[in-house]
Amino acid sequence: MGSPDDVAGPGSAVDAGLADLPASPRLDTAAAVDASTLLDGAAPPTSDGPGSGGPDTARPADAPFDAGTDVGSDTAASDALVFGTGRFGTPQVIPALANPDQDDDPALSGDGLELYFASYRAGGLGFEDIWVSRRASTSDAWGAPTRPPALSSTGRDKAPALSADGLRIWLASDRPGGAGADDIWTATRTCRTAACPWSTPVPALGINSPSGEGTPMVFAGGLRMALRQQGSGIDLYLSKRAGVTDAWGTPTAIVEINTNANESGPHVSVDGLRLYFDSNRSGNDEIFVSVWDAQQGRFGSPTALSELNSIFTDADISLTDDERIVVFSSTRSGNAEIYEARR
Ligand SMILES: [Ca+2]
Ligand SMILES: [Ca+2]
Ligand SMILES: [Ca+2]
Ligand SMILES: [Ca+2]
């Protein structure tokens, strides 16, 4: 959120409607631009799928979004999860991350012990950079943030998101070597502690275009990516791939979610049935959730998470796997900070 590149005029597409509407024409040719040379699975480890840990890895390749009929069919894995549906408590700023500069795009690991975010703070390489904070348990305070050396550039680096196993990171950057404007980049590591450095990010294969790609959220065992794409407006899209080393397919607009206002920052629940995102459709950025309607084969009408929202910008939601801990960015204090709430 927040940075000047985020600002765009009203979208031209009337996106309200049924899921079988075609994707915006602006994407029809753009997605193949960078598909020729760079393979996002090339750096070790070679995938974010096998061993990626989350209970989503065993789900059918076409779930969720287009096969959301198996509510409750997961067995032991999701039985251990407690999917939150109640109201969150009052959001609290995370003191260790607070800074007079802009801090946004928080991304939790599924266990809530790592928090990646974007910041303009001193100590970076220029513009926004990717930082991380850790804690020993969800009862502990977040530690002082550090900046993983490999992840940032002198350009704009933002919107980090971890794979289910935490060994792959996705981010948006306008660094050289992409397809134009912001692109999705990805890097890997071999363990989750600071002892295992991130590899140098490479462009995600097949997803990038001359338009701005951002806020990636990869789920379903690494086979689905929800993201925002900026053309005449900012909307949410979904891309699929058959295998974790394959190129991403041409993104398709999530038409039942998108409006002429901006939609950004998707977070998909582990079971694929809840899509959290932010939108300024009500006049300022607010956080919404939409629940998959299996009968209709589309997401239902979004509901604002009013207990998280304020009259200021509230965006960039990320949750733990059990959806009981949430982080997001808000300007309610006067500058963009990272907030946490629980239910
Ligand atoms: Ca700040
Ligand atoms: Ca940077
Ligand atoms: Ca791009
Ligand atoms: Ca707001």
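Would you confirm whether or not segment 149-172 contains a residue that is β-branched (V, I, T) and over 19 Å from A107 (Cα atoms)?
yes
Considering R343, R298, R241, which residue is among the charged types (D, E, K, R) and surrounded by 21 or more Cβ atoms within 10 Å (Cβ to Cβ)?
R241
Which residues, counting only those in segment 305-320, are under 14 Å from R274 (Cβ atoms) and either surrounded by fewer than 20 Cβ atoms within 10 Å (Cβ to Cβ) or modelled with pLDDT under 95 (or both)?
Selection gives nothing.
Out of segment 92-117, which residues are touching a Leu at 6+ places or on another chain (Cβ under 8 Å), in a strand (DSSP E or B) and not hydroxyl-bearing (S, T, Y)?
Listed by number, the residues that qualify are D103, P106, A107, L108, E114, L115, F117.
Looking at R156, R228, which one is under 29 Å from V93 (Cα atoms) and within 16 Å of ligand 2 (Cβ to nearest atom)?
When all the criteria are applied, what remains is R156.
Given the residues T215, T146, which is the only one that is β-branched (V, I, T) and surrounded by fewer than 24 Cβ atoms within 10 Å (Cβ to Cβ)?
Result: T146 is the single residue among T215, T146 that is β-branched (V, I, T) and surrounded by fewer than 24 Cβ atoms within 10 Å (Cβ to Cβ).
The values are calculated or read from the model by the stated rules, or taken from the named source; none is laboratory data. Only a predicted model underlies this, so the values are computations on that prediction, with no experimental measurement involved. Neighbour counts run over all protein chains shown; Cβ positions are idealised from the backbone, glycine included.
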